[in-house]
Amino acid sequence: MSGTESQMPVTIAGTGSYLPEKILTNADLESLVDTTDEWITSRTGIKARHMAAPGEHTSHMATKAAERALQQVGLAAEDVELIIVATITPDTLTPATACYVQQNLGAHRAVAFDISAACSGFLYAMKISKRLISDGAFKNALIIGAEKLSSFINWEDRTTCVLFGDGAGAAVLRKAEEGEGHILATDIGTDGAQTHLLNIPGGGSACPITIQNADQRLATLAMLGKEVFKHAVTRMRDSANTVIARAGLTAADIKLVIPHQANLRIIDAIADRLAVPNDRVFVNLHKYGNTSAAAIAIALDEAHREKRFEHGDHIILVAFGAGLTWAAAAVRW
Ligand code: UT7
């Protein structure tokens, strides 16, 4: 789905991120499950991931990332008008994690809600808030991708527990002033025929956790990795190409591609298919693993702070996740 992009331009005014302190390395995992640093590194590119502390919730990480983004922009919390948290690991099923974040920040005037679009959630939030700002409904938006995946991992399943990590990233969006960069094009899509490929089967109304099924670990991530891999490459390639074309760009115009951080082999395949050299593709999954909705948000903030792009440069953000969902954005910074 791709809306017309001819409305009032919207800029990404600032970014922030937060990673919890504790680091779990591949060597640490070798003592938990039957795996090796060699397998994890060669199959995924991941070397370490961060783990939230006990008592540190998704909303706490989201709040810290948001505070850093607001500080960068110089926007006071009480002036934030919209907060969208993208997460599949909310603090509670209800209320939304965004409500806790609103309270933590003191952003009392903001409308706050969550969206669930897995790893594509941050870019879904970007598209939604861009439209709401363009339409004049809100002056600004704080969009956050935040996950505490460590609470939804089966730590005895080597096929999933080595892949994921915790963290949060945030961005502030507002109307672009004359001469400022802006979001040129967005694309989002869903294939509900593939819900079985990647999901958390238990803990919702379809399969509540009961005394009878408590030992089956149904409220943990289950994935058919090989199938997901194939969809990830084609969907991200197509979504990125859609926004590149809609923005009137070619591969040569792109300063940096910031892809979802799930697997280095997927990232390399996308770079290859987009004909963008590897030094123009941002990678940080060796440090953080796959942080789902937080991944693109954290990567955008890191790339921004490392000055991997500057005013006038074109960047492509592209994500893929459970649903299946995918999304991309072309941005002139
Ligand atoms: O964020 C949402 C999107 N998610 C993704 O995009 C993830 C997409 N999928 C992937 O990244 C990859 O499919 C995985 C990293 C999950 C798996 O890599 P793979 O190359 O597809 O491996 P595989 O699942 O085919 O497993 C190969 C072998 C199996 O052994 P056998 O059956 O060949 O004897 C697995 O049991 O590797 C074994 N294996 C492991 N060995 C050591 C699986 N996990 C591990 C492990 N350590 N942690």
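Solvent exposure of the stretch 183-332 amounts to 41 Å² per residue of accessible area, where only protein heavy atoms count and the probe is 1.4 Å.
Highest mean packing first, where packing is the average number of other Cβ atoms within 10 Å per residue, the peptides 182-188, 143-149 line up as 143-149, 182-188. Charge tally around Asp238: other residues with Cβ under 11 Å, Lys/Arg +1 each, Asp/Glu -1 each, net +2. The GNM of the chain, with springs linking C-alpha atoms under 10 angstrom apart, assigns the highest mean-square fluctuation among Ala53, Ala269, Ala214 to Ala214. Computing Rg and the Kirkwood Rh from the Cα coordinates of the stretch 183-332 gives a ratio, Rg/Rh, of 1.04. Taking only protein heavy atoms and a 1.4 Å probe, the accessible area of the chain is 53% carbon and sulfur. Based on the Stokes-Einstein relation at 10 °C and a viscosity of 1.306 mPa s, and on the Kirkwood radius from alpha carbon pairs, the chain is assigned a translational diffusion coefficient of 81 µm²/s.
Of the residues Lys255, Lys130, Lys230, Lys139, ranked by 1.4 Å probe accessible area with the largest first, the sequence reads Lys139, Lys230, Lys255, Lys130. Summed over the residues of the stretch 82-165 and divided among them, the accessible surface reaches 36 Å² per residue at a probe radius of 1.4 Å.
Rg over Rh of the stretch 282-333, using C-alpha atoms and the Kirkwood radius, what does it come to?
For the stretch 282-333, the value is 0.99.
Compute the signed sum of charges (Lys and Arg +1, Asp and Glu -1) over the other residues within less than 13 Å, Cβ to Cβ, of Gly121. With Lys, Arg at +1 and Asp, Glu at -1, the neighbours total -1.
Just to be sure I understand the rule: take each whole DSSP H helix in the chain, project its Cα atoms onto its long axis, keep it if the span is 30 Å or more and its mean Kyte-Doolittle hydropathy is at least -0.5. Which ones pass? TM-like helix candidates: 225-246.
Among the GluC sites (Glu not before Pro) in the stretch 280-333, those located in a DSSP loop and surrounded by at most 11 other Cβ atoms within 10 Å of their own Cβ are Glu306, Glu310.
Residue-wise HN-Hα couplings along the stretch 157-164, as the Karplus relation 6.51 cos²θ - 1.76 cosθ + 1.60 with θ = phi - 60° gives them from phi, are 9, 5, 6, 10, 5, 7, 8, 10 Hz; Gly and Pro carry x.
The values are calculated or read from the model by the stated rules, or taken from the named source; none is laboratory data. Please read these numbers as outputs of a predicted model, since none were measured by experiment. Heads up, the Cβs are rebuilt from the backbone with ideal geometry, glycines too, and the neighbour counts pull from every protein chain shown. Heavy atoms of the whole protein, side chains included, go into the accessibility calculation; ligands, DNA and RNA do not. Shrake-Rupley method; radii C 1.70, N 1.55, O 1.52, S 1.80 Å.
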